[in-house]
1. With +1 on the Cβ of every Lys and Arg and -1 on the Cβ of every Asp and Glu, and nothing else charged, how large is the dipole of the stretch 367-436 about its Cα centre, in debye rounded to the nearest 20?
2. Can you give me the long-range amide H partners of V65? Hydrogens built in the peptide plane at 1.01 Å from N, cutoff under 5 Å, separation of 5 or more residues or another chain.
3. As an exercise, take the mean of 1/r over every pair of distinct alpha carbons in the stretch 116-210, invert it, and state the Kirkwood radius in angstroms.
4. Do me a favour and compute the ellipsoid semi-axes for the stretch 178-238 from its Cα gyration tensor, root of five times each eigenvalue, largest one first, whole Å.
5. Restricting to DSSP loop positions (anything but H, G, I, E, B) with no more than 15 other Cβ atoms inside 10 Å of their own Cβ, which chymotrypsin sites (Phe, Trp or Tyr not before Pro) remain in the stretch 392-443?
6. log₁₀ I(q)/I(0) of the stretch 192-333 at q = 0.16, 0.20 Å⁻¹, via Debye over equal Cα point scatterers, no solvent, to two decimals?
7. Run the dipole for the chain about the Cα centre, Lys and Arg Cβ at +1, Asp and Glu Cβ at -1, nothing else charged, and hand back the magnitude in debye, nearest 20.
8. Which three semi-axes in whole Å describe the equivalent ellipsoid of the stretch 266-401, each the square root of 5 times a Cα gyration tensor eigenvalue, listed largest first?
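No value in this document is a laboratory result; all are computed from the given coordinates. Because the structure is predicted, anything quoted here is derived from the model rather than measured. Note that each Cβ is placed from the backbone with ideal geometry, even for glycine, and that neighbours are counted across all protein chains shown.
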Amino acid sequence: MKILFVSSEVVPFAKTGGLADVAGSLPLALEKLGLEVKICMPRYKMIKLSADKTVIGRAIDVLFVENEKLFGRDQLYGDRFGDYPDNLERFAYFSKGVLETAKRINYRPDIIHCNDWQSSLIPVYLKTLYKNDEFFKNTRTVLTIHNLAYQGLFDRSQFPKTGLGWELFSMNGLEFYDKVNILKGGIEFSDYITTVSPTYSKEIQTKEFGCGLEGVLRARSDNLCGILNGIDYDIWNPDTDKFISKTYNAATVENKSANKENLQKESNLKADKNAPLIGVISRLADQKGFDLIAAIMEDMIKLRTQFIVLGTGDDKYHVLLEKMAKLYPKQTSINLKFDAVLAQKIYAGCDLFLMPSRYEPCGLGQIICLRYGTIPVVRSTGGLKDTIQEFDGETKRGNGFTFSEYSAPELFRAVKKALKVYKDKELWRALVKKAMGYDFSWDHSAKEYRDLYKKVLTKKTLNPVTQ
Ligand code: ADP
């Protein structure tokens, strides 16, 4: 089975969030299952390779769509003041470029696996502009939605840049409240749609989480499912991690404290092994619950905790966190940047990790945390609900601490529950060891994707809307 995996970001070439992790690890897991995979992504400025392709895994070609004017920039989608204004043109070019690249190298994929709005025009193009192209006659498409809030919305005046006829600027096409909605096109035209956790796949069909597309998604519910993301257990491995001070595994978990000590030192926090060190690594976006974190910061500080944040994003959160750093310089370390090495040190060195998300399609932070024996405190939504269950000191069930209502007091209650267990050193150690024993590698989920691809290829009329 031949798969062309298309993503606007792929580890190790370019990353802003979880999509890059998935795009850089799922193809490897699929290859291990015997599938033939190629990856296609834009060539951004930071990709310093001499050729227009390279190889990852055993033999996965990574093909780059080039255009200096459109992709030769410092960032992927925009700067801290907003999205690049020509993003529609950029990703329409990319989407066509993917199809043309496949033709140029004579690679006839059985499945083109698209991800998020940036490659959502591909299913649309295949069923319109390329409808009669023999080359793609047997090609089917799967679209994975990593975050429904990012839909690729543009002013209607930009529609011609898609290269599509105006008849597609309609209710059953890409029109959405008089704007162009690229993701909507992908949902309507792809043969199958997946999201990154079972709970999120149900949530997005409701008004609360559907971001206006709940109706469109419900109409395709027979061809929609959730497959939980995995992480690459070779990359995220405290036993071999080159960036942390001391490696450890579940049997040598006492070595984790050396990482805490070092992180405290490097972050100008007091070297205190009994102070609970709480971490956050995240895009600074409304989605991630920073308003709740800011609201409980003072109360947490009073409980003699230490707090380390790593993130970049919305300007308003930069301002808010800088204020926190000034107010509590001795107990906080605020790092407003993207730093993959510091991230590994935080995952390894912290005791607790907060993810109080408003919504969370899957979330990788909590999964990486478990791997590093750092205990997550999460809001039970989306993939957080599918991966983190409340720890019960009596039965020893569960792997973290949870809350449901999106409110600061509820988050604080969950943190206090965690701190109570933290004080019981023996119980905490049992929890840490248990957390490290979970398996969220790709082994299971990659098989689900393989089975889905097979199903998509054998089903006859997958997408009645566009037949
Ligand atoms: P999302 O995709 O919504 O941003 P996820 O939890 O799915 O959230 O994935 C986030 C990924 O990005 C994780 O691998 C996390 O470690 C990483 N990450 C986020 N912000 C930073 C940062 N500032 N520096 C380094 N890594 C980061």
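1. On the way: 14 positive and 8 negative charges, 56 e Å.
Once rounded to the nearest 20, the dipole reads 260 debye.
2. M41, R43
3. After inverting the mean inverse Cα-Cα distance, the result is 13.9 Å.
4. Numbers: eigenvalues 139, 34, 28 Å².
Largest first, the stretch 178-238 gives 26, 13, 12 Å.
5. Details: sites: F401, F403, Y406, F412, Y422, W428, Y438, F440, W442; in loops: Y406, Y438, F440.
Hits after loop and neighbour filter: Y438.
6. Each listed q maps to, in turn, -1.01, -1.15.
7. Details: 67 positive and 58 negative charges, 142 e Å.
It comes to approximately 680 debye.
8. Details: eigenvalues 99, 65, 40 Å².
Those come to 22, 18, 14 Å.
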